[in-house]
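Below is one structure; the comments refer to it alone.
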Amino acid sequence: MDSARLALESTILERYLPRRYAFVHPTDSSRSYLDVGLKTKSGNTYRLKILIPPDYPSAMPLVYVVHPKPLYDYHKQDLTSIGASGKMHVLTSADGCVQLCHFKGSLWHTNITLYKVALKCLIWLEAYHNHLLTGNDIDYYLRHCPQH
Amino acid sequence: MNEKKTKELGIELAERNRNKSTGNDIVFDPVTGELVLVRPGDRKDPDSTTVNQIAEDGFALVI
């Protein structure tokens, strides 16, 4: 991420997620990520690792839940064991961390900020908590992107 | 209480998933760091971010 974009992202995050985020290796494009903590209505706190690709913002970041680990579903099954799932809106996991679906690659554009990605993941987390309470799949709460 | 608020938000998301209009807004409150359901007539913090559209854009599954 170039310095101008980093400054923009930092300004937005500082305003809306103060003390809840940290850029790790922000100037090293090969291992740069955003570490962000999000809180759900249930009072649980989650830490997300938002991997920033070298060609960000042209390319979309990948998002992993790094804490708590593992994440369990309603049936006490480790969510990483189910692989990519449309019903649960998750992608293939890595290092025991669930990867969240967020924006669709073909609809991604450079105006989408890391703050917006974090908000989308917070919506996923609230849907996940409802899944834990009811057993409904996450796609009961969250729609799929249009297929085009 | 927390479970009640979680369920309220879940019902709101499910309704939106079915294209049902509730008249409510889902907003992110930067003070509490949480999503909040704002009903018509409720005061909305000027610093809050409305996330209705982010939710309604849908979630991708790219394999």
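All of the numbers you see were taken from the coordinates with simple rules; none came from a lab. For clarity, every value in this text was computed on a predicted model and none was experimentally measured. Cβ: placed from backbone, ideal geometry, glycine included. Neighbour counts: every protein chain shown.
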Margin query: Against the condition in contact (Cβ under 8 Å) with a residue 40 or more places away in the chain, outside any strand (DSSP E or B) and closer than 28 Å to A:D28 by Cβ, how does A:S58 come out, does it pass?
Written below: yes
Checklist line | Meets criteria (in contact with a Leu (Cβ under 7 Å, 6 or more places away or on another chain), more than 9 Å from every other protein chain (Cβ to nearest Cβ) and either surrounded by fewer than 16 Cβ atoms within 10 Å (Cβ to Cβ) or farther than 27 Å from A:S85 by Cβ (or both)) for B:N52 | finding: no
Next item on the list: Residue by residue through the stretch A:81-109, note down the ones that are in a loop (DSSP other than H, G, I, E, B), touching a Lys or Arg at 6+ places or on another chain (Cβ under 9 Å) and more than 8 Å from chain B (Cβ to nearest Cβ).
Entry: A:D95, A:G96
Item checked: Subset of the stretch A:1-54 (residues that are assigned to a helix (DSSP H, G or I) and either touching a residue at least 40 places away in the same chain (Cβ under 8 Å) or surrounded by 14 or more Cβ atoms within 10 Å (Cβ to Cβ) (or both)) -> A:R5, A:L6, A:L8, A:E9, A:S10, A:I12, A:L13, A:Y16
Next item on the list: Determine if the stretch B:8-31 includes at least one residue that is surrounded by fewer than 16 Cβ atoms within 10 Å (Cβ to Cβ) and under 24 Å from A:L13 (Cβ atoms).
Entry: yes
Checklist line | Counted residues, the stretch A:91-141 - those being of a type in the set (V, I, T) and touching a residue at least 40 places away in the same chain (Cβ under 8 Å) | finding: 6
